[in-house]
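Peer 1: Take this structure, written in structure tokens, and hold onto it; I'll ask about it next.
The values are calculated or read from the model by the stated rules, or taken from the named source; none is laboratory data. Given the structure is predicted, the values throughout are model-derived calculations rather than measurements. When we count neighbours, we look across all protein chains shown, and the Cβ atoms used for this are built from the backbone with ideal geometry, even at glycine. Note: accessible area is taken over every heavy atom of the protein model, side chains too, but ligands, DNA and RNA are not part of it. Shrake-Rupley method; radii C 1.70, N 1.55, O 1.52, S 1.80 Å.
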Amino acid sequence: MKRIMLVCSAGMSTSLLVTKMEKAAEARGMEADIFAVSASEADAKLNDAENPVDVLLLGPQVRFMKAQFDEKLAGKNIPLEVIDMKDYGMMNGESVLDTAITLMDQ
């Protein structure tokens, strides 16, 4: 099972995107734990050794935090990317899931 973490400012605006990504994963027969957290909750999730995160996607509204997350992820082998603004705005769960899969396969 792959764990995909989305980070936004409050953890609320990405919940619809999470739902769409879950539906896309289910349609592909992919087992995935996809969840959204606020930026302040992200550290606890990243440090949870029992449930490691496989990929971290930042919402466009927190793209300014990418450098901070790059530092936090140094040496953890967790890929990080900012969600494409168009995909986010359209709530294109299929495309965002594709991005997550591509990052995990690198």
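Peer 1: Semi-axes of the equivalent ellipsoid for the chain, please: Cα gyration tensor eigenvalues, times 5, square-rooted, ordered largest first, whole Å.
Peer 2: With the √(5λ) rule applied to the chain, the semi-axes are 19, 16, 12 Å.
Peer 1: For Cα pairs less than 8 Å apart in space and 6+ apart in sequence, what is the mean separation divided by the residue count of the chain, i.e. the relative contact order in percent?
Peer 2: 34 percent
Peer 1: Also, I was wondering about something else. Quick check: pseudo-label points 7 Å beyond the Cα along Cα→Cβ at S13 and E94, how many nm apart are they?
Peer 2: According to this spin-label approximation, the distance is 2.5 nm.
Peer 1: If each residue of separation counts as 0.36 nm, what is the full-extension length gain between N51 and K23 once their alpha-carbon separation is subtracted?
Peer 2: Length difference between fully extended and current span is 7.9 nm.
Peer 1: Taking only protein heavy atoms and a 1.4 Å probe, what accessible area per residue, in Å², does segment 10-58 have with all protein chains in place?
Peer 2: In whole numbers, segment 10-58 has 54 Å² accessible per residue.
Peer 1: Where the only charges are on Cβ atoms (+1 Lys, Arg; -1 Asp, Glu), what is the dipole of the chain about its Cα centre, to the nearest 20 debye?
Peer 2: 220 debye
Peer 1: Take the eigenvalues of the Cα gyration tensor for segment 46-88, scale each by 5, and report the square roots as semi-axes in whole Å, largest first.
Peer 2: Sorted largest first and rounded, they come to 20, 12, 8 Å.
Peer 1: Then there's this: Taking a cut-off of 24 Å between Cα atoms, list the lysines near K20, but don't count ones fewer than 8 places away on the same chain.
Peer 2: Correct list for K20: K2, K45, K66, K86.
Peer 1: With a 1.4 Å probe and every protein chain kept in, tell me what percent of the accessible surface of the chain is carbon plus sulfur.
Peer 2: Solvent-exposed carbon and sulfur of the chain make up 50 percent of the total.
Peer 1: How long is the gain from K66 to A44 if the chain were fully straight, where each residue apart is worth 0.36 nm and the alpha carbon distance is subtracted?
Peer 2: My answer for the length gained is 6.2 nm.
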